[in-house]
Structures are given as C-alpha cells and as structure tokens.
Amino acid sequence: MIVGIGIDVVDVSRFTASLTRTPGLRDRLFTPGEQLTDAGHPRTVTSLAARFAAKEAVAKAMGAPTGMQWHHCEVVGDATGRPWLRLTGTVADQAAEQGIDRWHLSLTHDGELAIAYVIAERA
C-alpha cells in the first residue's frame, strides 16, 4: 500500500550559488559517501542537486515531519548505478512510525533542473 509520494525539483544554478555562498552547506546536507562517486571523485553539483531533491522528496512522502536530519537520509547506488535510500536515525524512526518498509526512488537531471521522485510503501 502506498503511504506517500514525494517529488522535488532543484534549480541547479540556485543550488550551486547556495553551496558557494555557504561553504559548510555541502557537509551539512550530504554524508561523505554521497559527496564522492564510487571511484572516489567529487560528485558534480548536478548530481548533488538530484540527491538533495531526493531528501526533500522523502520528507514530502512522509508528510514533512519535523526533526529529521539530512544525514539520516542517504542516497546510495548499487553496482548498476541505480539509486537507493539508506535511512538511519531520525528518518528511519519516522518511517518505522508510519509503517513504511519499502521505498522507490527515481532521479533525473537535465539542463538546469534536478528532479527526484519517491514512493513510500508499507506491506
């Protein structure tokens, strides 16, 4: 059963400006693993913008509860590059409270837009 759906769109230029204006923002929003590719190279700002959109979409799918921490929702990839969500701490607690036990995530970016779509389900 679908519990919630979340979608978020990030303007890459505005996101880039925010990261430039506030140097510590990248570390506040993203785990060290999210900031690097599997090869150990820094992710592009466009890729980070899509991951930020995913975190926002997760919150929307759960009804935007207060108190969730950015690092407790991590976008990871499998061996094929497919994105997945790894939830811990405050985000995992909120998902458990709502009975959410399955997530679907789609990321895309084109030009100056990064978009994430999330579906939260419970069995």
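Laboratory data are not the source of any read-out in this text; all were calculated from the coordinates shown. Given the structure is predicted, the values throughout are model-derived calculations rather than measurements. Neighbour counts run over all protein chains shown; Cβ positions are idealised from the backbone, glycine included.
Laid out as a table, the results:
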{"quantity": "Ala123 paired with Ile2, simple spin-label distance in nm, labels 7 Å along Cα-to-beta-carbon", "calculated": "2.2"}
{"quantity": "Rel. contact order, % - alpha carbon contacts under 8 angstrom, at least six apart, region 2-121", "calculated": "39"}
{"quantity": "Approximate shape of the chain as ellipsoid semi-axes (Cα gyration tensor, √5λ), whole Å, largest first", "calculated": "23, 15, 14"}
{"quantity": "Under-5 Å amide H pairs with Arg43, H placed in peptide plane, nonlocal only", "calculated": "Leu36, Thr37"}
{"quantity": "Cut-off under 5 Å, modelled amide H: who pairs with Gly4 long-range", "calculated": "Ala120"}
{"quantity": "Amide H partners (placed H, <5 Å) of Gly77, local residues excluded", "calculated": "Trp84"}
{"quantity": "Over the chain: helical MRE at 222 nm, DSSP H runs n ≥ 4 each giving -39500 (n - 2.57), nearest 500", "calculated": "-10500 deg cm²/dmol"}
{"quantity": "Stretchable slack from Thr66 to Thr16, in nm (0.36 nm times residue separation minus alpha-carbon distance)", "calculated": "15.4 nm"}
{"quantity": "FRET E, pair Gln98, Leu25, Förster distance 25 Å, beta-carbon r, rounded to 0.05", "calculated": "0.30"}
{"quantity": "Distance (nanometres) between label positions extended 7 Å along Cα→Cβ at Thr88 and Asp38", "calculated": "2.1"}
